[in-house]
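Q: Supplied in structure tokens, the structure appears directly below.
Read the figures in this text as sums done on the coordinates, not as results from a lab. A quick note: this is a predicted structure, and the numbers were derived from the prediction, not measured. Here the Cβ positions follow ideal geometry from the backbone for every residue, glycine too, while neighbour counts run over all protein chains shown.
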Amino acid sequence: MMKLFKILTVGTLMMGAVATTQAQDNNGATGGSSSPSFGIKGGVNFATINGGDFDSPDSRTSFHAGVFGEFPVAPDLFSVQVEALYSGQGFKTNIDGGLFGGNGKVEYQLDYINVPVLAKFYLVKGLSIEAGPQFSFKVNEEIDSDANNNGGDLDLNEAKDFEFGVSGGLTFETPLGIFATARYNQGITDIIENESAKNSVFQLGVGFKF
């Protein structure tokens with residue numbers, strides 16, 4: 001996982017250098033803002049885990065939603081974006097006793113408040129890449145044998161309260177402030193003590209920047 005972090009970091013710096021060079025060639029006409037901006041965003045999560053002793057987990061489809069602030073460092077080129085998002089994560093798996101008890105197909109619901117702190121580089125007008133660390137705080141943990149109804153829930157307290165990970169993706173923004181984004185989040189720390197399983201989430205979202 002540290003290799004993934006290094007790849008993201010190096011890739012971000014390389015793309016930043018490309019963005020800077022391109023911006024100089026275009027006399028700075030890329031597409032960021034010269035003042036702080038704020039907004040809302042939300043979308044769908046496709047969440048699962050890497051590693052651990054779980055039997056071929058399937059992805060859990062859920063959602064993310066929250067707010068963000070973007071703070072320019074080099075106008076039109078580079079900014080720092082900080083977000084606070086509710087994020088439904090976890091996975092689906094076949095349970096036969098083991099860590100969670102019970103049996104059959106269940107959904108492990110592991111929800112967080114995610115706080116990514118992202119370096120954001122503008123490549124061309126309206127198109128940016130972002131990458132950086134993510135700090136996650138657990139707000140809900142349960143297994144559900146019937147995810148489409150209120151019954152079948154069993155509260156748990158097996159997962160750690162805090163997770164550290166990395167996040168990276170692409171964003172395309174229109175002149176009206178409406179944007180679409182695709183992002184991948186990878187946990188670095190284990191989600192459960194003595195269990196080498198880490199969160200893995202692919203997100204598609206939309207939002208509006210004020």
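Q: Under 9 Å from the Cβ of Ser196, count the other residues' Cβ atoms, weight Lys and Arg +1, Asp and Glu -1, and hand me the total. Write out the running numbers ahead of the final one.
A: Values: positive: Lys198; negative: Asp53, Asp190, Glu195.
In short, -2.
Q: Test of understanding: what is the full-extension gain from Asn140 to Val206, defined as 0.36 nm times their sequence separation minus their Cα-Cα distance? Could you put the intermediate results ahead of the total?
A: Values: separation 66, 0.36 × 66 = 23.76 nm, distance 2.42 nm.
So the chain would gain 21.3 nm between Asn140 and Val206.
Q: Next question, about the same structure. Kindly state, to the nearest 0.05, the FRET efficiency for Phe164 paired with Ala84, given R0 = 22 Å and r defined as their beta-carbon distance.
A: On the way: r = 16 Å, r/R0 = 0.73.
After rounding, the FRET efficiency stands at 0.85.
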